[in-house]
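Q: Quick one: the structure is below, questions incoming.
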Amino acid sequence: MRILLAFAILLTLLSGCYKDNVDVSELNTNPFDRDYAGPSVFEFDETFLQTVNIGGTNVLYQVIVFRVKEELFLSPSSYSVQLRDLQNEDPNATATPVSPGSSLYRYQRAPAPGQQICLELQLFNNQSGARAETICATL
Amino acid sequence: MMRSWGIFAVLMVGIQVLWSGSLHAQSTGQLRFRFEPDRSMQFVLDGKYKLTDREITLGEGAHRFTFWAPERLMLDTTLFVEGDRTREVFIRLRYSQDYVDHRRAEERYVKEGRWGRYLPPVVTGGAAAWATVSFLNYGKASRALDDLADSYRTSADPGGIQRLKDEEIPSAKSDLRSARTQAFVATGVFAASAAVTLIIRKRLAQRTAPVFDDKERIRFEGLVHQNTGVGGIWSATFSLPLL
């Protein structure tokens, strides 16, 4: 019986071992979280003009290159980037990796020399986007 | 001198004749007893003789009987013996109130002992099982919350993360609170029942079984002439209540 009593005391003491250490308001360190409160995930890299031959015709584009800071990810993750051109609201505007697996992405649009072009960028997975960030570039 | 001796002898013979005549004139009858309880019944005849006979021959007339058996109430009665006849008498003695009370006390003692011996350990065992299960559930709830927190760190699904924060983690936190409360309550109940079991065990060990003090026996044996066959002895008993 004394063993049972000791067991009861032990259980009471062990009950204190489990703690609720999770504070939802402090969960804001994941870049895929809409409430992410860390440093910017997207970083402007460069912008330049590029001539592309389409069907024998040379077409001039402005290319904006930006980098996804994957080092901020809490664990290695695959992702896509959703882009919105705040200047022309083109619904077909897309960002594509410079090379497969690269963290550098490029966006090409009609050139706007001297004009600041701002892009709204979001990490995107499973039909939902993370915190939106804006980067701007001037040619 | 010789003449006086002659008169004395004649008187003595006369007295002898008269006395023997009276003896022969008193007829006797028999009483045949059936008792309940049969084995331990005793009786006192005419306030003088303590007997256990089942059949007794007595002179005609009324005789006082006091019947008694252990645990039974004494019965004081007068029976009439008819000459040259055998009479069947059935005597049944009721249990004395003291014995009835003693039996109740004894039953209570046995019942308390039985309940005290088996119920508290069963309750304590149940409480121990409940506490163990509650504690395991508490651990499971805690691990579930930790797993969700890990999911937050590994997830790359913005919608999933939102669901985690809005629904799954708050729900897991609520489950953890409930599990913790239940674990504390169950452990408390377990500890309390274990302590109560210890106390009951201790008290049971200190109990003394009720002892039957047959006061009717003392009354019965008081001032009774015991027929020893050679003369007889008078005995007297008394009891002194100390409590």
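Q: Return an integer: the convex hull volume of the alpha-carbon atoms of segment B:149-191, in Å³ per residue.
A: Spread over its residues, the Cα hull of segment B:149-191 gives 50 Å³ apiece.
Q: Next question. Between segment B:28-71 and segment B:177-216, what is the separation of their alpha carbon centroids in Å?
A: Value for the Cα centre distance between the two parts: 52 Å.
Q: Follow-up. Mean residue ellipticity at 222 nm from the helices of chain A, using -39,500 (n - 2.57) per DSSP H segment of n ≥ 4 over the full residue count, to the nearest 500 deg cm²/dmol?
A: Numbers: 1 runs with 14 residues, N = 139.
The helix contribution divided over chain A gives -3000 deg cm²/dmol.
Q: Please provide three numbers in whole Å: the alpha-carbon extents of the protein assembly as shown along the principal axes, with the largest listed first.
A: 194, 37, 27
Q: Follow-up. Quick one, can you get me the convex hull of the C-alpha atoms of segment A:1-104 expressed as volume per residue in Å³?
A: It is 178 Å³ per residue.
Q: Jot down the per residue volume, in cubic angstrom and as a whole number, of the convex hull over the alpha-carbon atoms of segment B:142-227.
A: 135
Q: Give the aspartates and glutamates whose C-alpha is closer than 14 Å to that of A:LYS69, dropping any in the same chain fewer than 8 places away, or say none.
A: Hits, sequence-local ones excluded: A:GLU43, A:ASP45, A:GLU133.
Q: Which semi-axis lengths, in whole Å and largest first, follow from the square roots of five times the eigenvalues of the Cα gyration tensor of segment B:95-178?
A: That gives 60, 11, 5 Å for the three semi-axes.
Q: Moving on. Quick one, what does Rg over Rh come out to for segment B:41-184 if you take C-alpha atoms and the Kirkwood Rh?
A: The Rg/Rh ratio comes out at 1.73.
Q: May I pose another question? Over all directions, how big on average is the projection of the convex hull of the alpha-carbon atoms in segment A:81-139, in square nanometres?
A: Numbers: hull surface 17.6 nm².
Over every viewing direction, the Cα hull of segment A:81-139 projects on average to 4.4 nm².
Q: Roughly speaking, what is the centre-to-centre gap between segment B:104-170 and segment A:69-139 when only Cα atoms are used, to the nearest Å?
A: Computed from Cα coordinates, the inter-centre distance equals 49 Å.
Q: Can you pull the Rg over Rh of segment B:110-158, Cα-only, Kirkwood?
A: Using only Cα positions, Rg/Rh for segment B:110-158 is 1.50.
Q: Let me ask another. Given contacts defined as C-alpha pairs under 8 Å and at least six residues apart, what's the relative contact order of segment A:8-139, whole-number percent?
A: 25 percent.
Q: For peptide A:29-35, what's the mean number of Cβ atoms from other chains within 10 Å of each residue's Cβ?
A: Across A:29-35, the average partner-chain Cβ count within 10 Å equals 5.
Q: Let me ask something additional. Other chains' Cβ within 10 Å of B:115-124 residues: what's the mean? Don't jump to the answer; show the numbers that get you there.
A: Details: counts 0, 0, 0, 0, 0, 1, 2, 0, 0, 4.
The shielding value for this peptide is 1.
Q: Can you give me the relative contact order of segment B:107-193 as a percent, contacts being Cα pairs under 8 Å and 6 or more apart?
A: Relative contact order of segment B:107-193: 50 percent.
Read the figures in this text as sums done on the coordinates, not as results from a lab. The model shown is predicted, which means the values in this text are computed figures rather than measured ones. All Cβ positions, glycine included, derive from the backbone under ideal geometry; neighbour counts span all protein chains shown.
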